[in-house]
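Participant: Quick one: the structure is below, questions incoming.
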Amino acid sequence: MTDFRAIRIDKDEHGQHANYVVMRERDLMEGDVDVDVAFSAINYKDGLAVTGKGPVVRRFPMIPGVDLAGRVTRSAHPDFASGDIVVATACGLGEAHYGGFAEKARLAGDWLAKLPPPLTPARAMAVGTAGLTALFCVLALERHGARPEDGLAVVTGATGGVGSFAVALLAKAGWRVVAVTGQASQDAYLKRLGASEIIGRDELSALGKPLQKQRFAVGVDTVGGVTLANLLAQTRFDGAVAACGNVGGMELPANVAPFILRGVSLLGVESVRPRIGLRRAAWTRIAQDLDPSTIDAMSEIIPFDAALDRARSIVGGAIRGRVVIDMGRHLPL
Ligand code: NDP
């Protein structure tokens, strides 16, 4: 197939626009591996890219989609051959390099991992950047030396993609997890993922004192802003918060009191750079730690035709868990 369908973001004097288009294989960017994309997924960043609400796209035109999984059709990379089933997340996909919202991708083999069983391409996309980011947060807390005996773990933005995986991975590692959500109706969902307690987003959304009652041993924060400031203020002595998101704002209206008076650590987490060794190890741990039914409980699958509308809606917080895009390639789910 030389023609393929894609969602493309173009920019002109009126601003940027995302539309379905037909492209030619020769339009693809450089790379040593070609992939027939079977599944992609919608991340918050994709929502910012297609709506133009955040400066995600670094060159135009751009195919959004930070995650993709599919079958290799050509490889000049020593680790991959035609027919391999592979996954790629982040590494600039959908920002600086054409991403997963297309039937075809050409990319660097150094960004790819083979799928460890029992992960299928669809389940790998249910995990995607969100799941890897959640795992990187858990790994940061483990590197800090935190253990479930230390007390409670808290996760903000808990029904979102990163938050859902953080709840499930921390619960699997033995933590009692407090899930923070703006959606009171999602108690059953969060308990199914392993949350022991659920609290409303409002409890952390008003700016409080720099030091508050100590509640949590560790935290995974996807929200930023006042919520992160309150988490730091409520973290116990020698505890840590892994911060990866900003859905509530880029500011951090906090002071140094939690750091210098309670020894609290703020651990920054980013999952964009390739670091392929870490990524391949992360996929193996995810395949071990998350059973397929847990992944299925937090994801839904939609056709490619519905992807653009759904990507636009994620920015308003209208998506629970993970939305996987089926490109119609008939690979095993
Ligand atoms: P989602 O939209 O899936 O989840 C975000 C969740 O945050 C929502 O479901 C909602 O959960 C909560 N939320 C939404 N708006 C607000 C608000 N105004 N105040 C407080 N809570 C809110 O996004 P993702 O899980 O894909 O991403 C989460 C964050 O992590 C984003 O900021 C994203 O950019 C970032 N990220 C960072 C990465 C990195 O490398 N550092 C990689 C991947 C993501 P609920 O209703 O349960 O409260």
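No value in this document is a laboratory result; all are computed from the given coordinates. Bear in mind that the values here come from a model prediction, so they are computed numbers and not experimental data. Positions of Cβ are generated from backbone atoms using ideal geometry, with glycine treated the same way; all protein chains shown enter the neighbour counts.
Participant: Can you tell me which residues in the stretch 38-70 are more than 10 Å from the ligand (Cβ to nearest atom), within 14 Å of the chain's Cα centre (by Cα) and assigned to a loop (DSSP other than H, G, I, E, B)?
Facilitator: GLY65
Participant: Can you say whether ALA287 is small (Gly, Ala, Ser), over 17 Å from ALA158 (Cα atoms) and under 21 Å from the mean Cα position of the chain (by Cα), as far as the supplied structure shows?
Facilitator: yes
Participant: When the stretch 12-25 is examined, which residues are found to be in contact (Cβ under 8 Å) with a residue 12 or more places away in the chain and outside any strand (DSSP E or B)?
Facilitator: Passing the criteria: only GLU25.
Participant: Shifting gears a bit: Please verify whether SER164 is in contact (Cβ under 8 Å) with a residue 60 or more places away in the chain and either away from the ligand (no atom under 11 Å from the Cβ) or within 30 Å of SER196 (Cβ to Cβ) (or both), treating the condition exactly as stated. Talk me through it step by step, then tell me what you get.
Facilitator: Working: in contact (Cβ under 8 Å) with a residue 60 or more places away in the chain: yes; either away from the ligand (no atom under 11 Å from the Cβ) or within 30 Å of SER196 (Cβ to Cβ) (or both): yes.
When the stated conditions are applied, SER164 passes them.
Participant: Something else: Assess whether ALA306 counts as being within 12 Å of the ligand (Cβ to nearest atom), aliphatic (A, V, I, L, M) and at negative phi.
Facilitator: Details: within 12 Å of the ligand (Cβ to nearest atom): no; aliphatic (A, V, I, L, M): yes; at negative phi: yes.
Answer is no for this residue.
Participant: Can you name the number of the only condition in (1) closer than 25 Å to ASN246 by Cβ; (2) more than 18 Å from the chain's Cα centre (by Cα); (3) not hydroxyl-bearing (Ser, Thr, Tyr) that PHE101 fails?
Facilitator: It fails just one condition, (2).
Participant: Can you name the residue in the stretch 100-110 that is crowded, with 18+ Cβ neighbours inside 10 Å and touching a helix residue (DSSP H, G or I) at 6+ places or on another chain (Cβ under 7 Å) and is also nearest to GLY70 (Cα to Cα) among such residues?
Facilitator: Among them, the one singled out is LYS104.
Participant: Check the stretch 123-133 and report whether any residue there is buried (at least 18 other Cβ atoms within 10 Å of the Cβ), farther than 20 Å from ILE319 by Cβ and either under 13 Å from the mean Cα position of the chain (by Cα) or among the aliphatic types (A, V, I, L, M) (or both).
Facilitator: No, because not a single residue in the stretch 123-133 is buried (at least 18 other Cβ atoms within 10 Å of the Cβ), farther than 20 Å from ILE319 by Cβ and either under 13 Å from the mean Cα position of the chain (by Cα) or among the aliphatic types (A, V, I, L, M) (or both).
Participant: Looking at VAL154, VAL167, which one is in contact with a Phe, Trp or Tyr (Cβ under 6 Å, 6 or more places away or on another chain) and under 22 Å from VAL226 (Cβ atoms)?
Facilitator: Working: VAL167 fails: in contact with a Phe, Trp or Tyr (Cβ under 6 Å, 6 or more places away or on another chain).
So the residue among VAL154, VAL167 that is in contact with a Phe, Trp or Tyr (Cβ under 6 Å, 6 or more places away or on another chain) and under 22 Å from VAL226 (Cβ atoms) is VAL154.
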